[in-house]
């Protein structure tokens with residue numbers, strides 16, 4: 001049987017979904033994508049595989065999945081239009097391109113960049129909730145910026161992996177980690193000043209970015225010292241970071257592939 005392969009990039013608001021991957025008895029992004037594909041491509045064998053999984057309530061500015069079909073798509077533009085017409089309004093397909101059988105969506109994803117969006121100091125407009133974490137305490141943003149810069153580079157991130165095992169590989173390189181004022185995401189109901197933690201690397205452990213954000217919040221609140229923060233990245237550190245920042249502030253900003 002011939003097979004045909006397509007790379008589809010999409011974006012979604014994750015607030016009402018239980019993550020990307022299909023699971024029994026809950027609504028996920030993959031479930032809605034697959035249901036839509038089966039509707040617009042009847043009598044076609046369909047399989048989808050994502051570049052990575054996002055957790056419940058996590059959004060994506062640009063995620064990607066590979067579509068495997070047993071017949072070719074004759075008009076990619078028409079398919080994309082019909083796909084978007086039938087997807088729910090909080091999921092949008094951005095592009096589609098045909099790839100060959102040697103393309104591997106997991107191995108060929110070079111860099112993933114995540115953004116963590118937050119504001120602090122007071123309760124903000126409820127419309128912010130699907131996209132932005134609100135920290136009610138005051139934060140020392142300058143020491144948090146120092147902490148973010150320390151994350152950049154190659155470190156042992158075992159303390160930043162939820163339920164880490166002894167057998168896992170935890171030495172990872174972050175090619176970018178910075179905390180900046182947000183100028184990427186805007187809305188008239190956002191507070192005047194918001195912040196982004198930008199993190200990029202080839203791969204991440206379970207809840208790693210949210211644990212990194214949570215640790216920076218603890219650093220900014222004075223709950224942990226800069227010295228303890230630095231020690232958490234050393235290979236002989238035996239503890240684990242405890243505060244997993246809220247999922248709704250996390251956004252998969254983009255995925256870069258070797259064919260881009």
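Closer than 17 Å to residue 34 by Cβ and free of Cβ contacts under 8 Å to residues at least 24 places away in the same chain - does that describe any residue in the range 64-71? The answer is no; no qualifying residue exists.
Yes or no, residue by residue, for (1) closer than 25 Å to residue 205 by Cβ; (2) buried (at least 19 other Cβ atoms within 10 Å of the Cβ); (3) touching a strand residue (DSSP E or B) at 6+ places or on another chain (Cβ under 6 Å):
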{"site": "14", "(1), (2), (3)": "yes, yes, yes"}
{"site": "21", "(1), (2), (3)": "yes, no, no"}
{"site": "35", "(1), (2), (3)": "no, no, no"}
{"site": "41", "(1), (2), (3)": "no, no, no"}
{"site": "48", "(1), (2), (3)": "yes, no, yes"}
{"site": "56", "(1), (2), (3)": "yes, no, no"}
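Looking only at the range 102-145, filter to residues that are touching a strand residue (DSSP E or B) at 6+ places or on another chain (Cβ under 9 Å) and assigned to a helix (DSSP H, G or I); which one of those is surrounded by the fewest Cβ atoms within 10 Å (Cβ to Cβ)? Filtering the range 102-145 for residues that are touching a strand residue (DSSP E or B) at 6+ places or on another chain (Cβ under 9 Å) and assigned to a helix (DSSP H, G or I), the one surrounded by the fewest Cβ atoms within 10 Å (Cβ to Cβ) comes out as 141.
Flag not set for residue 216, criterion: buried (at least 22 other Cβ atoms within 10 Å of the Cβ) and out of contact with any strand residue (DSSP E or B) (no Cβ under 8 Å at 6 or more places or on another chain). Across the range 64-83, a minimum of one residue is classified as outside any helix (DSSP H, G or I) and touching a helix residue (DSSP H, G or I) at 6+ places or on another chain (Cβ under 6 Å).
Computed from the coordinates by the stated procedures, all read-outs in this text should not be read as laboratory data. Because the structure is predicted, anything quoted here is derived from the model rather than measured. Cβ coordinates were reconstructed from backbone atoms using ideal geometry, including for glycine residues, and neighbour counts include every protein chain displayed.
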